[in-house]
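These notes are about the structure you will find just below.
FYI, it's all coordinate maths here, none of it is from the lab. Treat the numbers as computed from the prediction; the structure is a model and nothing was measured. With ideal geometry, Cβ positions are generated from the backbone for all residues, glycine too; neighbour counts draw on all protein chains shown.
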Amino acid sequence: MPQTKILLVDDEVEFASALAERLELRSYDVKTANNALEALAVIHTHVPDVIILDLKIPGMDGIETLKTIKKIDPTIEVIMLTGHGDVQSVAEGMKSGVFEYIMKPVDIGELTVKIDNAMKKRTKEK
Amino acid sequence: MNYENEDNLRLLQLQFIGKILAGFTHEIKNYLAIIKESNGLIEDLMTLGKTAQNDSEQYLEITRSIEEHIEKTNTLFRYLNRFAHRMDSQLATFNLNETLEELIALVTRFANQKKIVIGKDFQEDIPSIYSNPSLVQFIAFSLLNEKIKNLDTNSTITIQTAAADNTVKIRIIPEGNFLEGNDDTPLISYKNLEKLIQQLGGNVLQEKGKETLITLGMHPQ
Amino acid sequence: MENLKKKISNLLRDVFHPHEIFRVLGKDRYASLKIRIVLLDIFLSMIPLFIVITISYFWFQKILKDDFYNQVNWEIQNTKQTIEFFIDKKISALRLTSSSYTYEQMSDTKLLNEIFKNFKREYGGLVDFGVIDSTGIQRSYSGPYNLAGKDYSKQDWFHEVIIRSFYVSDVFMGYRKIPHFAIAVKSEAAGKGTFWILRATINIETLQKYVNAVNQRPNDDIFIINREGILQTPSKFHGDVLEQYAAHITIPRQEVSVQEIKTQSDDCKICGFATIQHSPWILVTNIRSAPYAKIPSIFRNELFFITMMSILLGTIFTIIMANMVVNRIKLSDHEREEAIAQSEHAGKMASIGRLAAGVAHEINNPLAIINEKAGLMKDLLEVSGNLEHQKEKFLGLINGISDSVTRCRTITHRLLGFSRRMEISQDAIDINDAVQEIIGFLEKEILYRGIHLELHLQENLPKIITDKGQVQQVFLNIINNAMDALKENGDITVSTYTKDDQFVRVVIKDNGSGIPKENLKHIFEPFYSTKEKGKGTGLGLSISYGIMQKLGGAILVESEVNTGTTFIVEVPVNVREVRKGGL
């Protein structure tokens, strides 16, 4: 089974690298980006299956980035990272096509389940 | 008409918040300290100790501890966030159970000092009420605080919520011995307490040493 | 005109505003306002009342006077007519008598006596009868005197009676010193071309009777005088018969006149004159009593009673109204203050909430980092028990965790600093530090405005047990005001020193526009602001004043227009000790 390609977008470098490493230990293919521009660049070169996107990133804000991603490739599933249940953004995200959201600090087990579900959905739609 | 009394009550409410924040900060710092220490321990073990097979277990134990305290910190911060947002406006629609829950979470530390357990007996499907959330917390806290101060160690306080007719009821039920001669003046005098609750369209029934029943209207007057 | 209107409206506003000037009897400003309203109202309502009373009084008096005059007039008229009638009656009787007999008959003394006796029987008061011939010689006489043959030809009355055909004489002293007067009638001798005169002497008893018939008041006098002013009937105050009455008599042009006369010797208030027809007499009445002058005491008492009752009722009513209205104002003011305090409180709570929520949000990231790194450590440990080659990595992770924990602590610590401000702390603080902290906040603004700030902070000030947050709020408020007074370029001096062993003073001085004397009394009042509408609530100094009072201190102020203002904040070193001392 091919590895699920993940793009992790978060401006906290340490967090992103540690999480990326953990996901790699779990056989995911992870790339990281620290802002919207970087993320979009990566998307063009290495199309990910699932994007884990932080709500608050510099450059375009999370929701805007999400919408742009969906425009580029609507089949890419997006899992949103949030702080303390920013209800409005969550609702807006859901409307704009977010697959799931997960709160920081992240429970790795919960995250992998969500990634797998997203992958399943993506393969179905492909 | 003298509004000094009202001024005083407002001050007390601010003091209550200060106390909660102080207690919270204290607890968080404890957790962070534990995390830091555990972290440091791993470092020490690595640099000084052996790296035998069984040591891996030791390390795992420590990391588990760290994760546990991260979770505790996180949970407490979520309660803080909820508590903080109660102050956004003096009138809002809110769920009483959730509101009391975060209050309990934030004062558990105080109760634990006397080994007093605060239990919840909430009506699950309690309807939302439209009232002053932070004030409700303040009132509940001052009643709770009084009981905590006057109960002997190893007691229990149960907080019960229920809805009936067009009201919600909060019962603060102490179980345990009351300390004699403990004349701690309550945070809010009974008269002022009554006034506050009446402002919210409710009333209070209290007997020294027994449960306190607060009845609140679904909508304030 | 606009200026005047403005002045008046300002004055009205000052009078009807519950503020610190116009304080009465040291009562609070609302009680003072009540007192002012009541006094003003009473005063203003008394004026019309008194005007009305005064006008009524004098008007009433005038009516009574006029009425009295009319009465006097009527009395005189009446008396005059009675006397005239009396005289005319006598004259007619004499005429009848003389026409009933011939001259020869009348010249017969015996017959004359008979006639006289009959006449006397009919008309009382007669003294004698006499018949006088055309030469003036008395032909016959019936009476007590011996007047037969008396010659009257040289006398005025004789000539007068010839001309006028009748004559009434002045009063003269007659038989037995009793005053008399005489009436004479001319009678034409039938067919002879001559005449003769019938004369009768009458005593004044009857005359007097008619004069005195007038209902007289005790101090009033009515009598008859002749053209020369000689009394014809006795007067109460002016002499007896045949004495001279007061020199000046103006013969009235009308038959009757009633005048008010003021003479020094006489207190005659009213003099009435009436000429009596067919006689040489003038009827005089001297009225001294002026009953109209003394408005009956009943009326006066009634008036007084009504006035007092009106004032009393008016006062009571005004007091009730003033009380209700000012209490309403007081309530309104307090409600407004309370509403603002409540609103401020809500704002405070909201900002605390935001801060705390902000902390909670911020903590997420570092916490997440710790979580991932610790999780990674766990993963690595689970994957391979051999840590030798991972040592470096682990140490890296450990450092990363440590840094993040520190970050968490810092973020969380903010809450502590914040929460401490919520309580009235009783910490020992250094006032100079507190002052400098505040100035730290304002430094940028001060520099920006080109204000020159000087600090003279006394060293080794005692530590003060008070609420740092609140005294700082006071300093902030006052320094802000000073900056506003300066606008741009000016000096602010902040000094601290010990006043005595109980108090420390913080003095904030500016050389700005200053506060006019009349405003100084107002500045600590709530809602008092000289800033334009929308700028400033006018609550700053009032709240500061309240804070200092609660903390056992005080705020003093001195100011001079265009020179500057000095605020002195007095902070007790230990508020507990100050209160014990009973300051």
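On a 0 to 90 degree scale, rounded to 10, what angle separates helix B:96-113 from the longest Cα axis of chain B?
60 degrees
Given Cα positions, please report Rg to Rh for the stretch C:299-420, the hydrodynamic radius being the Kirkwood one.
Reported Rg/Rh (Cα atoms, Kirkwood Rh): 1.73.
Take every DSSP beta bridge with both residues inside the protein assembly as shown and express the antiparallel ones as a percent of the total, to the nearest 5.
Rounded to the nearest five, the antiparallel share is 75 percent.
Within the set A:Lys121/C:Lys393; C:Lys444/C:Lys509; A:Lys114/C:Lys393; C:Lys330/C:Lys521, which residue pairs have Cα atoms separated by over 26 Å?
From the list (A:Lys121/C:Lys393; C:Lys444/C:Lys509; A:Lys114/C:Lys393; C:Lys330/C:Lys521), the Cα-Cα distance tops 26 Å for A:Lys121/C:Lys393; A:Lys114/C:Lys393.
Using the Cα atoms of the stretch C:66-287 to build a convex hull, what is its mean projected area in square nanometres?
Mean shadow area of the hull around the Cα atoms is 12.9 nm².
Any idea what angle helix B:133-150 forms with the longest principal axis of chain B, computed on alpha-carbon atoms, 0 to 90 degrees, nearest 10?
80 degrees
Taking the alpha-carbon distance from A:Lys120 and a cut-off under 18 Å, which lysines remain once sequence neighbours fewer than 8 residues away in the same chain are dropped?
A:Lys5, A:Lys70
Estimate the FRET efficiency between C:Met308 and C:Ser343 by the formula 1/(1 + (r/R0)^6), using the beta-carbon distance for r and 60 Å for R0, to the nearest 0.05.
It comes to 0.70.
When the Kirkwood hydrodynamic radius is evaluated over all pairs of different C-alpha atoms of chain C, what value in angstrom, to one decimal, is obtained?
Here the Kirkwood hydrodynamic radius works out to 36.5 Å.
Arrange the following residues from fewest to most other Cβ atoms within 10 Å of their Cβ: C:His456, C:His159.
C:His456, C:His159
Check cross-link reach from B:Lys120 to the lysines: straight Cα distance under 25 Å, and skip same-chain residues fewer than eight apart.
B:Lys19, B:Lys72, B:Lys147, B:Lys149, B:Lys169, B:Lys208, B:Lys210
From the P(r) of the stretch C:454-495, could you give the percentage of C-alpha pairs in the tail past 12 Å?
Distances greater than 12 Å cover 70 percent of the Cα pairs.
Can you pull the percent of Cα pairs in the protein assembly as shown with separation above 39 Å?
Roughly 69 percent, rounded to a whole number.
Taking every alpha carbon pair in the stretch A:3-126, what does the distance histogram look like in 10 angstrom bins from 0, in percent?
Per 10 Å bin, starting at zero, the Cα-Cα P(r) for the stretch A:3-126 comes out as 14, 53, 32, 2 percent.
With n ≥ 4 as the cut-off for DSSP H runs, can you work out [θ] at 222 nm for chain B, using -39500 (n - 2.57) per run divided by the number of residues, rounded to the nearest 500?
Helix-only estimate at 222 nm: -20000 deg cm²/dmol.
Which of C:Cys408, C:Cys271 has the fewest other C-beta atoms within 10 Å, and how do the rest follow up to the most?
C:Cys271, C:Cys408
Could you grab the relative contact order for the stretch C:66-287? Cα pairs under 8 Å, six or more apart, rounded to a whole percent.
Relative CO of the stretch C:66-287 lands at 20 percent.
Within the stretch A:1-59, report the GluC sites (Glu not before Pro) that DSSP leaves as loop and that have at most 16 other Cβ atoms within 10 Å.
Taking the stretch A:1-59 and a limit of 16 other Cβ atoms within 10 Å, no loop GluC sites (Glu not before Pro) are found.
If I stretch the segment between C:Thr406 and C:Glu104 completely, what's the gain in nm (0.36 nm per residue apart, minus their alpha carbon distance), one decimal?
91.8 nm is the gain from fully extending C:Thr406 to C:Glu104.
What's the average, rounded to a whole number, of partner chain beta-carbon atoms within 10 Å of each residue's beta-carbon in B:23-32?
Averaged over the peptide's residues, the number is 5.
Compute the distance from the alpha-carbon center of the stretch C:74-88 to that of the stretch C:300-368, in whole Å.
85 Å
Can you spot the lysines whose alpha carbon is less than 28 Å from C:Lys269's alpha carbon? Ignore those fewer than 8 places along the same chain.
Within the straight-line cut-off, C:Lys269 pairs with C:Lys62, C:Lys65, C:Lys80, C:Lys209, C:Lys236, C:Lys294.
If you line up the Cα atoms of chain B on their principal axes, what length do they span on each, largest first, in Å?
Computed over chain B, the largest-to-smallest principal extents equal 74, 41, 35 Å.
Can you tell me, using C-alpha contacts under 8 Å and at least 6 residues apart, the relative contact order of chain A as a whole percent?
That works out to 22 percent.
Treat the count of other C-beta atoms within 10 Å as a stand-in for reagent exposure and order C:Lys6, C:Lys236 from fewest to most.
C:Lys6, C:Lys236
When the gyration tensor of the stretch B:92-217 is built from Cα positions, what are the square roots of 5 times its three eigenvalues, in whole Å, from largest to smallest?
23, 16, 12
State, in angstrom, two size descriptors of the stretch B:4-85 derived from its alpha carbons: Rg to one decimal place and Dmax to the nearest whole number.
For the stretch B:4-85, the Cα radius of gyration and maximum Cα-Cα distance read 19.6, 70 Å.
Evaluate the relative contact order of chain B (contact order divided by residue number), counting alpha-carbon pairs under 8 angstrom at least 6 apart; express in whole percent.
Relative CO of chain B lands at 17 percent.
Quick one: helix B:53-85 against the long Cα principal axis of chain B, what's the angle to the nearest 10°, folded into 0 to 90?
Tilt relative to chain B: about 20 degrees.
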